[in-house]
């Protein structure tokens, strides 16, 4: 879960979106495969909150918001 606090700087909020992770519940088969490949059956217990396409979508929304409000509301 990502939590953006009232006093977070914009760069901090962006970093939380970019680097945020969420729990992943891999199947038992996936855990076995992970252990074979990485040596750690818990290697993918967490996954990225947003993939690159979703981060681009968030950025696009922010640009649209900025463009429509840059002269004030």
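Each reported figure results from applying straightforward, stated rules to the coordinates on display, with no laboratory input. Keep in mind that this is a model prediction, so the values were computed, not measured. Methodologically, a virtual Cβ is constructed for each residue, glycine included, from the backbone with ideal geometry; neighbour enumeration extends over all protein chains shown.
Some values worked out for this structure:
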item: Residue 71-residue 22 FRET efficiency (beta carbon distance; Förster radius 35 Å; 0.05 resolution); result: 0.40
item: Matching label, Rg/Rh (Cα atoms, Kirkwood Rh) computed from the structure shown, candidates (1) 1.18; (2) 0.98; (3) 1.71; result: (1)
item: Footprinting exposure proxy for 11, 17, 4 (fewest neighbouring C-beta atoms within 10 Å first); result: 11, 4, 17
item: Computed [θ] at 222 nm, deg cm²/dmol, the chain (DSSP H ≥ 4; -39,500 (n - 2.57); rounded to nearest 500); result: -17000 deg cm²/dmol
item: The chain: angle of helix 28-38 to the longest principal axis, Cα-based, in degrees nearest 10; result: 90 degrees
item: Likely footprinting exposure, 22, 16, 70, fewest C-beta neighbours within 10 Å first; result: 70, 22, 16
item: In degrees, nearest ten, helix 10-19 long axis to first principal axis of the chain (Cα); result: 30 degrees
